[in-house]
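The structure appears below as structure tokens.
All of the numbers you see were taken from the coordinates with simple rules; none came from a lab. Here the structure is a predicted model, which is why all the values come from computation and not from measurement. Using ideal geometry, Cβ is built from the backbone for each residue, glycine included, and neighbour counts are taken over all protein chains shown.
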């Protein structure tokens, strides 16, 4: 596993013939996101695009695997754009350059997983929580196994793929030894982590002093 933010120039010979995955943390923006985070968010996606360009020497992106996408239809892409326009722009750019978008989710798994996830946010009793979390964890395992099967089936020797998903879901994927994983980590990602830490510390200090956050 390599971190692209730490690589100045990829060694072409080192990765020749290997299957490669360029992993991008799929960060999201909400309608009420603070201005400071919004600025960092756009800087992050700008730098992600730049760093992937630098990796073309190691292999152009030929396959795209993205969380939440059940199909490659126009409706699916438009729905994804509404969730994350910047990630959608990155995907469309790669498609225009010849990459193939691969459906990465299975409806029979992904739909119930979202439903049970919503249930976990409102459950009140431990007994019900234990039942729901057992079903949820089983679906997570099924989803992880399905994603690995999709990558194994569609990423051929010597090809490079773009993988977009949440970091906490990516770490569950145990890739075969012949796949080289690159973590796309632009400088702005560290700034975003710092911003979240400062926000959390500020909220904890306000809670300790009895203050409330102003309405955003």
**Request:** Please report the orientation-averaged projected area of the range 101-159, defined via the convex hull of its C-alpha atoms, in nm².
**Result:** 4.7
**Item:** Relative contact order, percent, the range 78-178 [alpha-carbon distance under 8 Å, six or more residues apart]
**Value:** 24
**the chain: angle of helix 126-154 to the longest principal axis, Cα-based, in degrees nearest 10** = 10
**log₁₀ of I(q)/I(0) at q = 0.09, 0.14, 0.20, 0.21 Å⁻¹ - the range 66-216, Debye sum with one point per alpha carbon** = -0.42, -0.95, -1.34, -1.37
**Request:** Enter the angle in degrees (range 0 to 90, nearest 10) between the Cα long axis of helix 107-120 and the first principal axis of the Cα atoms of the chain, meaning the one along which they spread out most.
**Result:** 30
**Prompt:** If you wrap a convex hull around the C-alpha atoms of the range 19-58 and split its volume per residue, what is the figure in Å³?
**Reply:** 55
**Item:** Estimated translational D of the range 144-210 in µm²/s (Stokes, Kirkwood radius over Cα pairs; 25 °C; 0.890 mPa s)
**Value:** 162
**Request:** Can you give me the three principal axis dimensions of the range 12-154 from its C-alpha atoms, in Å, biggest first?
**Result:** 55, 41, 31
**Request:** Calculate, for residue 174 and residue 42, the FRET efficiency according to 1/(1 + (r/R0)^6) with r their C-beta to C-beta distance and R0 30 Å; round to the nearest 0.05.
**Result:** 0.35
**Relative contact order %, the chain, counting alpha carbon pairs below 8 Å whose residues are six or more apart** = 43
**Asked** Nearest 10 degrees, 0 to 90: what angle lies between the long axis of helix 187-209 and the longest principal axis of the chain (Cα atoms)?
**Response** 10
**Fill in**
To the nearest 0.05, the calculated FRET efficiency linking residue 203 and residue 130 through their beta-carbon distance, R0 being 41 Å, is 0.90
**Request:** Once you have a ≥ b ≥ c as the square roots of the Cα gyration tensor eigenvalues for the range 43-118, tell me rounded if a/c is under 1.5, and otherwise prolate or oblate according to whether a/b is larger than b/c.
**Result:** prolate
**Rounded Å value of the spacing that divides the Cα centres of the range 16-44 and the range 157-216** = 9
